[in-house]
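Below: one structure, written as structure tokens.
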Amino acid sequence: MQENLEKYTSIESCPIRNVLSRFSGKWSLLILCILSENEATRFSTIGKAIPDISSKVLSDTLKSLEKDGLVERHQYAEIPPRVEYSLSDLGRSLMPIVGDLINWALMNFDHFRR
């Protein structure tokens, strides 16, 4: 039993701490799902899709996802400036796995709603 737990004790080599935690926050998966269903999406559109997220938290989450290479930010030299977000190749490669999680959540939603 102790051997099974050792893989989680190393901060540097624990995949949960170093990979899964990057997109398992309250809003990250929702944002990734929105971007996966829409090509390029503006900040305000994402905000409207998640009405209970503040602009600051949305901005911080997008910056974090961009820093981790899951999201790409495209700024256009227009007046007024236009910024759109989309999934990177790495982000797109994650979505089939997230899709399985979503399917599981849909099948078990009633259990958690009770």
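The values are calculated or read from the model by the stated rules, or taken from the named source; none is laboratory data. If you're wondering where the values come from, they're calculated on a predicted model, not measured in any experiment. With ideal geometry, Cβ positions are generated from the backbone for all residues, glycine too; neighbour counts draw on all protein chains shown.
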Seminar exercise, completed: Of Tyr85, Tyr8, the only residue that is over 21 Å from Ile102 (Cα atoms), touching a residue at least 24 places away in the same chain (Cβ under 8 Å) and hydroxyl-bearing (Ser, Thr, Tyr) is Tyr85
Exercise. With Ser55, Ser59 as the choices, which residue is in contact with a Gly (Cβ under 7 Å, 6 or more places away or on another chain) and of a type in the set (Gly, Ala, Ser)?
Worked result: Ser55
Exercise. Looking at (1) surrounded by fewer than 17 Cβ atoms within 10 Å (Cβ to Cβ); (2) more than 30 Å from Tyr8 (Cβ to Cβ), can you tell me which one Ile97 breaks?
Worked result: (2)
Exercise. Which one of Gly91, Gly47, Gly99, Gly69 is on the phi > 0 side of the Ramachandran plot and at pLDDT 85 or above?
Worked result: Gly69
Problem set entry | Candidate set: the range 50-92, residues that are assigned to a strand (DSSP E or B) and of a type in the set (S, T, N, Q); chosen: the one nearest to Ile31 (Cα to Cα) | Ser86
For this session: For the range 1-22, enumerate the residues that are of a type in the set (Val, Ile, Thr) and in a loop (DSSP other than H, G, I, E, B).
Result: Ile11, Val19
Exercise. Which of the residues that make up the range 35-49 are in a loop (DSSP other than H, G, I, E, B) and in contact with an Asp or Glu (Cβ under 6 Å, 6 or more places away or on another chain)?
Worked result: Ala40
Problem set entry | Scope the range 59-82; condition in contact (Cβ under 8 Å) with a residue 40 or more places away in the chain and either small (Gly, Ala, Ser) or touching a Ser or Thr at 6+ places or on another chain (Cβ under 9 Å) (or both); matching residues | Ser64, Leu65, Leu70, Val71
Exercise. For the range 23-34, which residues satisfy the criterion of being in a helix (DSSP H, G or I), without any contact (Cβ under 8 Å) to a residue 60 or more places away in the chain and under 11 Å from Thr61 (Cβ atoms)?
Worked result: Ser28, Leu30, Ile31
Exercise. Can you find a residue in the range 61-78 that is among the basic types (Lys, Arg) and touching a His at 6+ places or on another chain (Cβ under 9 Å)?
Worked result: no
Problem set entry | From the options Thr41, Thr45, residue that is surrounded by 16 or more Cβ atoms within 10 Å (Cβ to Cβ) and either in contact with a His (Cβ under 9 Å, 6 or more places away or on another chain) or under 24 Å from Leu101 (Cβ atoms) (or both) | Thr41
